[in-house]
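K.L.:
What follows is a single structure, and I will ask about it in a moment.
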């Protein structure tokens with residue numbers, strides 16, 4: 001009865017028009033785990049180096065994240081990413097990436113991690129994702145994220161991995177790149193032919209769209225006057241989305257449940273970008289989440305009224 | 001009790017990955033008028049040349065659009081635009097623009113056009129838009145569209161014109177360019193300080209967002225597997241939006257009414273792009289519009305349910 005996430009645990013150095021941080025806790029598995037922790041217990045799986053200390057573990061444990069799957073590689077350095085965002089926050093530049101302990105990482109899942117009902121394969125090499133998927137054979141709902149690098153270098157392996165999950169979650173542009181199809185509805189159909197029955201397109205400031213056999217659903221991003229740091233927004237979205245699914249143990253999630261999951265994902269992502277790194281989400285309260293989902297409902301609904309149109 | 005639109009009446013030559021048309025009826029005022037004609041009577045105001053014939057008038061009259069404001073300039077040529085869309089339909093190239101009769105056009109509105117309750121200033125030179133706004137002093141709701149050309153060449157005049165309308169409707173990128181503010185919520189606040197109380201951001205395939213004093217609202221574009229020709233989608237959106245407002249004569253439109261107007265705008269735009277030029281909208285039925293708005297409501301709503309979150 002829990003969620004397992006496999007992905008990066010990192011230190012990030014980030015500069016945005018609103019300031020900068022030289023070294024803060026980050027990584028896809030961390031952002032995901034903190035967001036999902038509001039819904040269910042989370043097992044985080046990934047490697048860290050000697051520079052990863054008690055302060056970092058404490059952040060995860062404050063949210064009762066199970067860190068038994070965090071593998072400490074002696075003599076190694078934790079994954080490091082340095083990036084810069086422009087005036088337009090969609091404009092992101094990677095300045096440095098140091099794989100560190102990630103270079104030779106092979107995930108070995110504990111019994112607890114393997115028995116999770118819900119599994120999220122954050123953006124790592126597709127062969128590794130497939131390996132993890134095989135270890136969690138009983139997960140009732142598995143999703144994966146990926147990136148342009150894997151689409152360009154290991155497309156066939158990625159497609160094979162995608163075939164083994166219930167849900168693919170990618171950026172808009174990555175979905176197009178992967179399927180070579182510019183139209184989202186067609187791209188999603190192609191992916192559903194490969195295996196997953198749920199496709200989620202992350203659209204940054206425009207929100208997210210979902211396509212299942214039961215149809216299409218879309219939500220805008222929650223409108224914010226100040227977006228301080230977009231790093232990790234997609235992983236927080238995934239954390240809210242998968243966490244919601246994990247918390248509802250009524251079998252295979254249907255379209256209505258998945259819509260609500262999208263709303264919680266959108267809410268979590270919106271909090272994440274309000275401050276640097278994990279600063280906002282670690283201070284978040286459940287009341288704030290509930291309130292934001294209610295606001296999101298408010299700003300996306302219109303009430304139909306009969307109208308006399310002119311033939 | 002009608003809508004007046006001032007804008008271009010044009011012949012378009014368009015190539016998309018799905019085919020091409022060498023010469024078809026187009027222009028912002030035409031697309032707007034056909035879309036708005038499902039809601040109220042529409043007065044279309046703009047110049048045409050000798051090449052504009054009975055076939056073109058017939059298209060407008062079939063939808064009972066009042067063409068008295070169409071000014072035939074003897075010896076002139078109708079505005080002509082040639083454009084090409086790429087594999088990704090967001091990628092549009094203008095290959096030729098011939099202003100023709102538009103070059104020295106000064107709108108002179110008839111009593112009927114001037115007395116319309118609702119006014120749409122489609123994308124023309126801002127000084128002309130202001131002139132028309134002055135002629136329609138009694139319109140209870142006026143909106144305007146513009147483009148990057150006017151932002152770059154006549155920004156001050158454009159801002160002065162914007163000050164005189166109730167609603168500004170621009171593309172996302174144009175809103176940023178105009179306000180020099182990348183964040184949509186802040187950009188909209190800046191514009192509302194200039195005058196309009198309603199700001200609509202057209203977001204292409206991502207739909208549209210609206211900001212008023214009462215808050216934020218957003219709708220995705222209606223999902224389509226095949227978008228044949230995006231030309232005129234924004235004007236059809238405006239036609240559905242303004243037409244809906246015109247059809248509801250209950251004073252100043254409130255946020256709830258404007259949300260519904262957004263839904264009808266979204267529906268009209270989605271039909272427009274299904275075929276080339278005005279081909280689809282001229283064949284459209286009121287039942288199809290009602291059905292699409294209902295579907296749009298379906299694909300944007302989620303039902304909130306109580307949830308026990310983990311503190």
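The values are calculated or read from the model by the stated rules, or taken from the named source; none is laboratory data. Everything numeric in this text was worked out from a predicted model, so none of it was measured. When we count neighbours, we look across all protein chains shown, and the Cβ atoms used for this are built from the backbone with ideal geometry, even at glycine.
K.L.:
Just to be sure, is residue A:211 more than 15 Å from the chain's Cα centre (by Cα), without any contact (Cβ under 8 Å) to a residue 40 or more places away in the chain and under 23 Å from residue B:302 (Cα atoms)? Walk me through it before giving the result.
P.N.:
Numbers: more than 15 Å from the chain's Cα centre (by Cα): yes; without any contact (Cβ under 8 Å) to a residue 40 or more places away in the chain: yes; under 23 Å from residue B:302 (Cα atoms): yes.
Criteria met by residue A:211.
K.L.:
Which of the residues that make up region B:92-141 are over 15 Å from residue B:9 (Cα atoms) and surrounded by 23 or more Cβ atoms within 10 Å (Cβ to Cβ)? Can you show your working first?
P.N.:
Initially, region B:92-141 is screened for residues over 15 Å from residue B:9 (Cα atoms), giving B:92-96, B:108-119, B:126-141.
Those that are over 15 Å from residue B:9 (Cα atoms) and surrounded by 23 or more Cβ atoms within 10 Å (Cβ to Cβ): B:113, B:116, B:118, B:119, B:126, B:129, B:132.
K.L.:
I've got another one for you. Identify, from the list B:274, B:311, the residue that is out of contact with any strand residue (DSSP E or B) (no Cβ under 9 Å at 6 or more places or on another chain) and modelled with pLDDT of 95 or more.
P.N.:
B:274
K.L.:
Turning to a different aspect of this structure: Quick one: would you say residue B:74 is on the phi < 0 side of the Ramachandran plot and surrounded by fewer than 19 Cβ atoms within 10 Å (Cβ to Cβ)? Quick ask: steps written out before the conclusion?
P.N.:
Working: on the phi < 0 side of the Ramachandran plot: yes; surrounded by fewer than 19 Cβ atoms within 10 Å (Cβ to Cβ): yes.
It is true that residue B:74 is on the phi < 0 side of the Ramachandran plot and surrounded by fewer than 19 Cβ atoms within 10 Å (Cβ to Cβ).
K.L.:
Has region B:260-281 got any residue that is over 21 Å from residue B:62 (Cβ atoms), out of contact with any helix residue (DSSP H, G or I) (no Cβ under 9 Å at 6 or more places or on another chain) and facing chain A (nearest Cβ under 9 Å)?
P.N.:
no
K.L.:
Restricting to region A:65-93, and then to whatever is within 14 Å of chain B (Cβ to nearest Cβ) and over 30 Å from residue B:174 (Cβ atoms), can you tell me which residue is nearest to the chain's Cα centre (by Cα)?
P.N.:
A:65
K.L.:
Here are some conditions: (1) part of a loop (DSSP other than H, G, I, E, B); (2) on the phi < 0 side of the Ramachandran plot; (3) within 20 Å of the chain's Cα centre (by Cα). Residue A:35 meets all but one. Which one does it not meet?
P.N.:
The one condition residue A:35 does not meet is (1).
K.L.:
For residue A:96, which of the numbered conditions (1) under 21 Å from the mean Cα position of the chain (by Cα); (2) assigned to a strand (DSSP E or B) fails to hold?
P.N.:
Among (1) under 21 Å from the mean Cα position of the chain (by Cα); (2) assigned to a strand (DSSP E or B), residue A:96 violates only (1).
K.L.:
Determine which member of the set B:239, B:243 is touching a helix residue (DSSP H, G or I) at 6+ places or on another chain (Cβ under 7 Å) and closer than 17 Å to residue B:171 by Cα. Break it down into steps so the answer makes sense when it comes.
P.N.:
Values: B:243 fails: closer than 17 Å to residue B:171 by Cα.
Selected residue: B:239, the only one of B:239, B:243 that is touching a helix residue (DSSP H, G or I) at 6+ places or on another chain (Cβ under 7 Å) and closer than 17 Å to residue B:171 by Cα.
K.L.:
Do you know which of the residues in region B:37-64 that are in contact with a strand residue (DSSP E or B) (Cβ under 6 Å, 6 or more places away or on another chain) and more than 22 Å from residue B:125 (Cα to Cα) is farthest from the other protein chains (Cβ to nearest Cβ)?
P.N.:
Ranking the candidates gives B:56 first.
K.L.:
If you scan region B:179-197, which residues turn out to be more than 22 Å from residue A:219 (Cβ to Cβ) and in contact with a strand residue (DSSP E or B) (Cβ under 7 Å, 6 or more places away or on another chain)? Step through it out loud before you land on a result.
P.N.:
First, pick out the residues of region B:179-197 that are more than 22 Å from residue A:219 (Cβ to Cβ): B:179-181, B:189-197.
Passing the criteria: B:191, B:192, B:196, B:197.
K.L.:
Here are the criteria: (1) within 30 Å of residue A:228 (Cβ to Cβ); (2) surrounded by fewer than 18 Cβ atoms within 10 Å (Cβ to Cβ); (3) modelled with pLDDT of 95 or more. Tell me which single one residue B:164 does not satisfy.
P.N.:
It fails just one condition, (1).
K.L.:
A follow-up question, please. Name, by its number, the condition in (1) surrounded by fewer than 23 Cβ atoms within 10 Å (Cβ to Cβ); (2) within 10 Å of chain B (Cβ to nearest Cβ); (3) over 30 Å from residue B:185 (Cα atoms) that does not hold for residue A:190.
P.N.:
(2)
K.L.:
Still on this structure: Given the residues B:229, B:252, which is the only one that is surrounded by 24 or more Cβ atoms within 10 Å (Cβ to Cβ) and more than 8 Å from chain A (Cβ to nearest Cβ)?
P.N.:
Answer to the selection: B:229.
K.L.:
Name, by its number, the condition in (1) in contact with a helix residue (DSSP H, G or I) (Cβ under 8 Å, 6 or more places away or on another chain); (2) closer than 23 Å to residue B:190 by Cβ; (3) crowded, with 24+ Cβ neighbours inside 10 Å that does not hold for residue B:213.
P.N.:
Residue B:213 satisfies all of (1) in contact with a helix residue (DSSP H, G or I) (Cβ under 8 Å, 6 or more places away or on another chain); (2) closer than 23 Å to residue B:190 by Cβ; (3) crowded, with 24+ Cβ neighbours inside 10 Å except (3).
K.L.:
Just the residues that are without any contact (Cβ under 8 Å) to a residue 12 or more places away in the chain and either closer than 17 Å to residue B:112 by Cβ or crowded, with 20+ Cβ neighbours inside 10 Å (or both), please, taken from region B:58-71.
P.N.:
Within region B:58-71, just B:61 meets the criteria.
K.L.:
Name every residue in region B:50-92 that is in a loop (DSSP other than H, G, I, E, B) and under 19 Å from residue B:278 (Cα atoms), in order of residue number. Before the answer, list the steps.
P.N.:
Going residue by residue through region B:50-92, those that are in a loop (DSSP other than H, G, I, E, B) are B:50-53, B:63-65, B:67-69, B:73-78, B:86-91.
Matches in region B:50-92: B:51, B:52, B:53, B:63, B:64, B:65, B:67, B:78, B:89.
K.L.:
Which numbered condition in (1) modelled with pLDDT under 95; (2) surrounded by 22 or more Cβ atoms within 10 Å (Cβ to Cβ) is the only one that residue A:201 fails?
P.N.:
For residue A:201, the exception is condition (1).
K.L.:
Inspect region A:287-305 for any residue being without any contact (Cβ under 8 Å) to a residue 40 or more places away in the chain, over 30 Å from residue A:14 (Cα atoms), more than 7 Å from chain B (Cβ to nearest Cβ) and in contact with a strand residue (DSSP E or B) (Cβ under 8 Å, 6 or more places away or on another chain) and give the result as yes or no.
P.N.:
The answer is yes; a qualifying residue exists.
K.L.:
If you don't mind, there's one more thing I want to ask. Looking only at region A:216-232, which residues are in contact with a helix residue (DSSP H, G or I) (Cβ under 6 Å, 6 or more places away or on another chain) and farther than 18 Å from residue B:218 by Cβ?
P.N.:
A:232
K.L.:
Out of all the residues in region A:202-210, is one or more facing chain B (nearest Cβ under 9 Å) and assigned to a helix (DSSP H, G or I)?
P.N.:
yes
K.L.:
Let me ask something additional. I'm trying to understand the selection: among the residues of region B:14-32, which are surrounded by fewer than 24 Cβ atoms within 10 Å (Cβ to Cβ) and either under 14 Å from the mean Cα position of the chain (by Cα) or over 19 Å from residue B:78 (Cα atoms) (or both)?
P.N.:
Answer for region B:14-32, where residues must be surrounded by fewer than 24 Cβ atoms within 10 Å (Cβ to Cβ) and either under 14 Å from the mean Cα position of the chain (by Cα) or over 19 Å from residue B:78 (Cα atoms) (or both): B:15, B:16, B:17, B:18, B:19, B:20.
K.L.:
Here's a follow-up. Can you find even one residue in region B:106-125 that is outside any helix (DSSP H, G or I), within 14 Å of chain A (Cβ to nearest Cβ) and more than 18 Å from the chain's Cα centre (by Cα)?
P.N.:
Among the residues of region B:106-125, not one is outside any helix (DSSP H, G or I), within 14 Å of chain A (Cβ to nearest Cβ) and more than 18 Å from the chain's Cα centre (by Cα), which makes the answer no.
K.L.:
Suppose we keep only residues that are in contact with a strand residue (DSSP E or B) (Cβ under 7 Å, 6 or more places away or on another chain) and farther than 18 Å from residue B:242 by Cβ within region B:158-177. Which one would you say is farthest from the other protein chains (Cβ to nearest Cβ)?
P.N.:
Per the stated criteria, the residue is B:175.
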